[in-house]
1. Among the residues of region 70-92, which ones are in contact with a Lys or Arg (Cβ under 9 Å, 6 or more places away or on another chain), surrounded by fewer than 18 Cβ atoms within 10 Å (Cβ to Cβ) and either closer than 12 Å to VAL47 by Cα or not polar (S, T, N, Q) (or both)?
2. So if I check each of ALA118, ALA100, ALA76, ALA95, which one is at pLDDT 90 or above, more than 14 Å from the chain's Cα centre (by Cα) and either not in a helix (DSSP H, G or I) or not hydroxyl-bearing (Ser, Thr, Tyr) (or both)?
3. Any residue at all in region 93-102 that's under 23 Å from GLU65 (Cβ atoms) and hydrophobic (A, V, I, L, M, F, W, C)?
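The values are calculated or read from the model by the stated rules, or taken from the named source; none is laboratory data. Every value quoted in this text rests on a predicted model; they were computed, and no experiment measured them. Positions of Cβ are backbone-derived with ideal geometry, glycine not excepted, and every protein chain shown enters the neighbour counts.
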Amino acid sequence: MLSPVKALLEKRTPIDVVMARDYAEPPAKSDVPWLCKFAADGGRVVVTGDKRMRSRLDEQAALRELGLIVFFFPNAWNSWPMTDKCAFLLKWWPAILSKAEQSKPREFWEMKLSWTQAGDFRHVGPKP
């Protein structure tokens, strides 16, 4: 029997899922180097629970300059147990894929803190 994550990833989609740690070179003080490597490899969508990324000006600038589409978890997500974090991601995964396909480069979204209305995103990016 497949795990829920493997089942999601085996669904035929035109995406490859990679982890930030595959690009980061510890000890990193900033996410900018791995974001640049990710974008250079053709990466275009970032899904992150890093609440600091939204307040760090260098990382915000890199996300915009690289033309990435970004999905942030709600701030409360950071204090949840890992099982709840995984369940929330699984619930929202189809909506994230759909929104990513519809989004333009440099659009930033936050998932609303909802278990019943997955897909209700709040735009949190810079205004054009």
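1. Once the filter is applied, which keeps residues that are in contact with a Lys or Arg (Cβ under 9 Å, 6 or more places away or on another chain), surrounded by fewer than 18 Cβ atoms within 10 Å (Cβ to Cβ) and either closer than 12 Å to VAL47 by Cα or not polar (S, T, N, Q) (or both), region 70-92 yields PRO74, TRP77.
2. Details: ALA118 fails: at pLDDT 90 or above; ALA100 fails: more than 14 Å from the chain's Cα centre (by Cα); ALA95 fails: more than 14 Å from the chain's Cα centre (by Cα).
Just one listed residue meets the conditions, ALA76.
3. So the first thing to find is which residues in region 93-102 are under 23 Å from GLU65 (Cβ atoms), and the list is 96, 99-102.
Subset that is hydrophobic (A, V, I, L, M, F, W, C): 96, 100.
So far as region 93-102 goes, yes, one or more of its residues are under 23 Å from GLU65 (Cβ atoms) and hydrophobic (A, V, I, L, M, F, W, C).
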